[in-house]
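**Student:** Quick one: the structure is below, and I'll ask about it shortly.
Rule-based calculations on the coordinates, nothing more; no lab input. Since the model is a prediction, treat every value here as computed from it, not as a measurement. Ideal geometry is used to build each Cβ from the backbone, glycine not excepted, and the neighbour counts take in all protein chains shown.
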Amino acid sequence: MAKIIDEVSRTFSEYLLMPQLTLGNHIPENIVLTTPVAKSSRAAPGRFSLNIPFVSASMQSVSGADMAISLARHGGLAFIFCSQPIDEQAAMVARVKSHKAGFVPSDSNLRPETNLREVLEIRRKTGHSTMPVTHNGQRNGRFLGILTDKDFWEFEDDLNAPVSDFMTPKEHVVFGTLGVSLHDANRLLQKHKKECLPILDKDGSLRSLVFKKDYVDHMNNPDELLDGQKRLVTGVGVNTHDYEERMPALMEAGADVFCFDSSDGYTEFQKEAALWARKKYGDAVILGGGNIIDGNAFRYLVEEGGVDFVKVGIGGGSICITREQKGIGRGQASALMAVVAERNRYYAETGTYIPVCSDGGLANDTQIIIALAMGADFVMMGRYFAMTIESPTPRVSIGGRIYKPYWGEGSNRARNWQRYTNRGAQNAGMKFEEGIDAYVPIVGSVREVLSVTLAKLKSTMCNIGALTLRTFAEKAVLTRISEQSFVESGTSNVLSLDKDIPREL
Ligand code: MZP
């Protein structure tokens, strides 16, 4: 007979946090939100951490290169979707990695004989207003000079004239020598009041450029997440079908964190794929497994598959109909607490800490806060980021309001059959959908939405007397709420200006 577990499946909105003692130093300015992604032990510290506990879902309508760039700049991580050809996913990774490197390889290069009309065309395509001139127009050619949009007047100068007539020649350009540190390169920019510093090797060939605006951006984004070469970091989704081709291509492109994108990760297929990756790359690969909803699956993926982190959640996603279609899943709060409890037992037994990600179903900031209090090290969100300017979908006007399309990976639109099947299964044309096609309102930029969520999270952490996420989860005391107290949590016995009284237009 089927086993029935006694506990009811619960979700985040059924809980409230009870304030604990707040001391004088428990103020938002003292809070550090750094959180691990890779496994760690007392002997071996983690290989990868986030500066804020938020990652974006591996979905077509959420995580492209723009989302990855924006999230990394704010200290989080995007998982670029894998329901696309391998070369296209790798190209997105490459775009993130080349976005900002401190030392940027030059993308727009001119020959001395290029005419101004061609320069304008390149500027229109790339948006670049500063272009180095090399003898052969290649990024590593012999450096001859530099042309910026201040050097010529588009509507006054002869557009058929060559670049060599307008560029600042090498003898008047301030440049750095290969090997100079980024700090010293920035000091050269400051000292000579320049916007761009070409870096040349001993033979006078161009190697890279350093921009003042990158320095300014960096100072404005203190949480920015960079790799060892000062490039922005990005995560990627992978599946259990083509990982032997996809993972090497993504590694080559510079992906930092890998995660299986699967609706049910408690499978031998995922274990084998994880073992393959570990054998091939050792600790150089940071690999997440999932999705799972209980302690048995945690043990399986961690002990048998050797994954770095696990992702929790089946059927809770805002666009997900898996529970209705197939009858599998678990309330997200119950699933998270079961996996966190097993993780904590595993840590006590082995001394190895496995980060847990709560994925999907977070309907508002409060639920994000409760998930972190319940022990998630970070949360993955689709809808939340689909609503931002940086998501890869076009704006659509519906009834006078602006929306963006947001669709599930299990919808007919995404046709990500690899997420719902395992190696060996053929694309049988998706006999049924597990996700829907929807719209979400635009709420602003990633920076804008994160600033509100982070302010609320820090404020709650102060109520609990916690300055780190680890302490937050250790100190958190949660109370279950009745339907009546849920009603009480909203406004009561007043007419709300927003909800009840129509405002005059
Ligand atoms: P949400 O943040 O929009 O509530 O949920 C996003 C999560 O839903 C994703 O990270 C993924 O785990 C899951 N997902 C994506 N597509 C589907 C689907 O089509 C889905 N069913 O469940």
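**Student:** List the trypsin sites (Lys or Arg not before Pro) in region 192-254 that DSSP assigns to loop (not H, G, I, E or B) and whose Cβ has at most 12 other Cβ atoms within 10 Å. Which are they?
**Tutor:** On the way: sites: LYS193, LYS194, LYS202, ARG207, LYS212, LYS213, LYS230, ARG231, ARG246; in loops: LYS193, LYS194, LYS202, LYS230, ARG231.
Here the sparse-neighbourhood loop sites are LYS193, LYS202.
**Student:** Okay, next question. Measuring from centroid to centroid over Cα atoms, what is the spacing of region 359-384 and region 68-131 in Å?
**Tutor:** Answer, in whole Å: 32.
**Student:** Which value in deg cm²/dmol, rounded to the nearest 500, describes the helix-derived mean residue ellipticity at 222 nm for the chain, given -39,500 (n - 2.57) per DSSP H run of n ≥ 4 and division by the residue count?
**Tutor:** My calculation for the chain gives -9000 deg cm²/dmol from helical runs alone.
**Student:** Step through the residues of region 103-117 one at a time and calculate ³J(HN,Hα) from phi using the Karplus curve (6.51 cos²θ - 1.76 cosθ + 1.60, θ = phi - 60°), rounding each to whole Hz and writing x for Gly and Pro.
**Tutor:** Result, ordered by residue: 9, 9, x, 6, 8, 10, 10, 10, 8, x, 8, 4, 8, 5, 4 Hz.
**Student:** Tell me, how many Å apart are the Cα centres for region 308-358 and for region 239-277?
**Tutor:** Result: 19 Å between the Cα centres.
**Student:** Could I ask something else about it? Can you sort SER41, SER263 so the residue with the fewest Cβ neighbours within 10 Å comes first?
**Tutor:** Working: SER41 12, SER263 24.
Placing the least packed residue first, the sequence is SER41, SER263.
**Student:** Can you tell me which lysines have their Cα less than 24 Å from the Cα of LYS191? Leave out same-chain residues fewer than eight positions away.
**Tutor:** Once the sequence-local lysines are set aside, what remains near LYS191 is LYS100, LYS150, LYS170, LYS202, LYS212, LYS213, LYS230.
**Student:** Have a look at the DSSP beta bridges in the chain and tell me what percent are antiparallel, nearest 5.
**Tutor:** Values: 32 of 60 bridges.
Around 55 percent of the beta bridges assigned by DSSP in the chain are antiparallel ones.
**Student:** Each residue of region 430-437 in turn: what ³J(HN,Hα) in whole Hz from Karplus with 6.51, -1.76, 1.60 and θ = phi - 60°, glycine and Pro shown as x?
**Tutor:** With coefficients 6.51, -1.76 and 1.60, one gets 6, 5, 8, 8, 10, x, 10, 9 Hz.
**Student:** Also, quick follow-up: Taking 0.36 nm per residue of separation and subtracting the Cα-Cα distance, what length does fully extending LYS475 through SER13 add? Walk me through the intermediate numbers first.
**Tutor:** On the way: separation 462, 0.36 × 462 = 166.32 nm, distance 1.95 nm.
Separation in residues times 0.36 nm, less the Cα-Cα distance, equals 164.4 nm.
**Student:** Can you sort ASP151, ASP359 by how many other beta carbons sit within 10 Å, fewest first? Before the final figure, lay out the partial values.
**Tutor:** Working: ASP151 18, ASP359 32.
Placing the least packed residue first, the sequence is ASP151, ASP359.
**Student:** Follow-up question, since we're still on this one. If the cut-off is 13 Å between C-alpha atoms, which aspartates and glutamates fall inside it for LYS404, apart from same-chain ones fewer than 8 positions away?
**Tutor:** Once the sequence-local aspartates and glutamates are set aside, what remains near LYS404 is GLU390, ASP437.
**Student:** Now for a separate question. Given the peptides 140-148, 219-227, arrange them by the average over their residues of other C-beta atoms within 10 Å, most packed first.
**Tutor:** Numbers: 140-148: 20.1, 219-227: 14.4.
Result, highest mean first: 140-148, 219-227.
**Student:** Here's another thing I want to ask about it. Name the lysines eligible as straight-distance cross-link partners of LYS326: C-alpha to C-alpha under 22 Å, and not fewer than 8 places from it in the same chain.
**Tutor:** Qualifying lysines at Cα under 22 Å: LYS3, LYS311, LYS431.
**Student:** Taking the Cα-to-Cβ direction at ARG345 and at ILE501 and moving 7 Å from each Cα, how far apart do the two end points lie in nm?
**Tutor:** Reported label-point gap for ARG345 and ILE501 is 5.5 nm.
**Student:** Exposure proxy check: MET374, MET337 ranked by fewest other beta carbons within 10 Å? All intermediate terms of the calculation are to be shown ahead of the outcome.
**Tutor:** Details: MET374 23, MET337 19.
Result, fewest neighbours first: MET337, MET374.
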